[in-house]
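A quick write-up on the structure given underneath.
What follows draws every value from the coordinates through simple rules; no lab data is involved. Given the structure is predicted, the values throughout are model-derived calculations rather than measurements. No Cβ is skipped: glycine too gets one built from the backbone with ideal geometry, and neighbour counts run over all protein chains shown.
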Amino acid sequence: MQTIDCVVAGAGVVGLAVARALALSGREVVVVEQADAIGTGTSSRNSEVIHAGLYYAPGSLKARLCVEGRRQLYAYCAGRNIAHARTGKLIVASEPGQIDGLRAIQANARSCGVDDLELLTHEQAENLEPALTCAGALLSPSTGIVDSHTLMVSLRGDAEAAGASFAFLTAVAGAKIEADGIRIDTRDANGETFALRAGAFINAAGLDAQAVASRIDGFPRDFIPRRWLARGNYFALPGRSPFSRLIYPVPVEGGLGVHLTLDLAGNARFGPDVEWIDHVDYTVDPDRSAVFYEAIRRYWPALGDGALQPAYAGIRPKLSGPGQPAADFVIQGPSDHGAGQIVNLFGMESPGLTASLAIADHVVGLLCRE
């Protein structure tokens, strides 16, 4: 049986960042990924937004790792010539009664260390974005967008340059906590099995993180939280966007509302909405566009009939369900569960992309405590 220092399950943006950080710290790393390429799940089915860190509970992992991760991510992209842009975003109140909601977001953001938000009147906001109609807005100049695919390619390249290796089309079929490490049984696309012994195991399997944790013989089941699936549908707007910044409504239960984001070519897409589902399914129902038109016209009344086209869907691996308060990331290290050198990353939804480099540093720190 081959012995490896660290095995990482999952080659999404978080798994790649973790593998990179571990390899750069001098550890031997193997990444196992059941898909045939990096970032095929949640990491490639999102808005590609670099979040400022406005909405999360002060002191939470999401708040701390988003703010630090955003700082690291901008620096990393600038240093590696990875396409990105500080577009800024406007959080808009569609009616006067939502202005207090904007003030609450501003106060919360300040408690999280984000102090560059500016409350705008409707005239100021509409001067910045003439196509916009609103009662007021909150300007976040630190929000941006990034080419997530190029980012992930760069993270993989860094990891491999530091000695990490990747096994694609390879799933974690089971694992067992043993006296001399963690036995990890893998299965490839042909059904062939192979066993590794790892000094440390990092479960960054995204949507499958709970399933992977449940396959670890000897891991306490009480530490595996329930997974809820929230599909987020996106609709595209053909042609160039009438907006130069991202446009977000006041947040709604389960997400940030149907917002407008831009790609690096200036094209607009709307989403995600929140559609609770019970199994992984990326199908976009064209009929959901009716809800999108209604939501978007609250801040862009000029949106024409028939303008939206179904684009794609992503799925958030949430740790809270309908009607429940938003949950924080759950990142468990050895001192949390007492089951050896295992780190589980549960609920890696937004702002996971923004926070990925900071999450990786946090994981390395958890393993170094032993």
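For HIS259, the amide hydrogen comes within under 5 Å of the amide hydrogens of GLY271, counting only partners 5 or more places away or on other chains and with H modelled in the peptide plane. Roughly how far apart, in whole Å, are the Cα centres of region 294-370 and region 78-112? Region 294-370 and region 78-112 have Cα centres separated by 18 Å.
Across region 308-314, rounded Karplus estimates of 3J(HN,Hα) from the backbone phi angles (6.51 cos²θ - 1.76 cosθ + 1.60, θ = phi - 60°) give 8, 10, x, 10, 7, 9, x Hz, Gly and Pro being marked x. Against the empirical 2.2 N^0.38 Å (N residues), region 91-216 has a Cα radius of gyration ratio of 1.75. For region 276-370, the normalised intensity computed at q = 0.21, 0.25 Å⁻¹ comes to -1.13, -1.24 (log10 of I(q)/I(0), Debye sum over alpha carbons, equal scatterers, no solvent). The 3J(HN,Hα) values that the Karplus relation (6.51, -1.76, 1.60; θ = phi - 60°) gives for region 293-299 are, in residue order, 4, 4, 5, 5, 5, 5, 10 Hz. Gly and Pro appear as x. Relative to the longest principal axis of the C-alpha atoms of the chain, give the angle of the C-alpha long axis of helix 61-80, reported between 0 and 90° and rounded to the nearest 10°. Between the helix axis and the principal axis of the chain, the angle is about 90 degrees. The angle between the Cα long axis of helix 148-161 and the longest principal axis of the Cα atoms of the chain comes to about 30 degrees, rounded to the nearest 10. Given their separation in residues at 0.36 nm each and the Cα-Cα distance between them, HIS149 and GLN124 gain 5.5 nm when the chain is fully extended. Around the amide H of ASP5, modelled in the peptide plane, lie the amide H atoms of GLU28, GLY199, all under 5 Å away and 5 or more residues distant in sequence or on another chain. In order along region 29-35, the phi-based Karplus estimate (6.51 cos²θ - 1.76 cosθ + 1.60, θ = phi - 60°) of 3J(HN,Hα) comes to 10, 10, 9, 10, 9, 6, 7 Hz; Gly and Pro are listed as x. More than 24 angstrom separation, counting every C-alpha pair in region 201-296; what % is that? Looking at region 201-296, the distances longer than 24 Å represent 40 percent of pairs. Near PHE243, once Lys and Arg are set to +1 and Asp and Glu to -1 for all other residues with Cβ below 13 Å from its Cβ, the sum equals +1.
If the Kirkwood radius is taken over C-alpha pairs of the chain, then at 10 °C and 1.306 mPa s the Stokes-Einstein diffusion coefficient equals 75 µm²/s. Computed from the Kirkwood radius of its Cα pairs, the Stokes-Einstein diffusion coefficient for region 189-241 at 37 °C and 0.692 mPa s stands at 217 µm²/s. Could you tell me which of rounded, prolate or oblate describes region 313-352, using a ≥ b ≥ c as the square roots of the eigenvalues of the alpha-carbon gyration tensor, with rounded for a/c under 1.5 and, failing that, prolate when a/b is larger than b/c and oblate otherwise? Prolate. The residue among LEU151, ALA167, GLY59 whose Cα reaches farthest toward the positive pole of the charge dipole of the chain, with charges on the beta-carbon of Lys, Arg, Asp and Glu, is GLY59. Computed over the alpha carbons of region 80-160, Rg followed by Dmax gives 16.5, 53 Å. If all Cα-Cα distances of region 107-152 are sorted into 5 Å bins from 0 onward, what percent lands in each bin, rounded to whole numbers? Per 5 Å bin, starting at 0, the Cα pair percentages come out as 5, 18, 20, 17, 16, 14, 8, 3. Within 15 Å, Cβ to Cβ, of SER140, how many net charges do the neighbouring residues add up to if Lys/Arg are +1 and Asp/Glu are -1? Result for the neighbourhood of SER140: +3. Put +1 on the Cβ of each Lys and Arg and -1 on the Cβ of each Asp and Glu in the chain; which of CYS77, ASN190, LEU319 then has its Cα farthest toward the positive end of the dipole? With unit charges placed on the Cβ atoms, the residue in question is CYS77. Using C-alpha pairs under 8 Å with a sequence gap of at least 6, the mean separation divided by the residue count of region 205-332 gives a relative contact order of 32 percent. Under 17 Å of direct C-alpha separation, and excluding same-chain neighbours fewer than eight residues apart, LYS62 reaches these lysines: LYS318. Relative to the dominant Cα principal axis of the chain, helix 99-111 is inclined by about 40°. Under the convention that each Lys and Arg Cβ holds +1 and each Asp and Glu Cβ holds -1, the size of the dipole of region 209-342 around its Cα centre is about 280 debye. Between TYR282 and ALA131, the contour length at 0.36 nm per residue exceeds the alpha carbon distance by 51.2 nm.
At a Förster radius of 41 Å, what calculated FRET efficiency corresponds to the Cβ-Cβ distance of ASP188 and ALA302, to the nearest 0.05? Spell out each step's value before the answer.
Numbers: r = 53 Å, r/R0 = 1.28.
Given R0 = 41 Å and the Cβ-Cβ separation, E is 0.20.
Treating r as the C-beta distance of ASP217 and SER111 and R0 as 45 Å, the FRET efficiency rounds to 0.60.
Going by the alpha-carbon gyration tensor, a ≥ b ≥ c the square roots of its eigenvalues, is region 1-149 rounded (a/c under 1.5) or, if a/c is not under 1.5, prolate (a/b greater than b/c) versus oblate? Walk me through the numbers before you get to the answer.
Numbers: a/c = 2.75, a/b = 2.29, b/c = 1.20.
Note, shape of region 1-149 comes out prolate.
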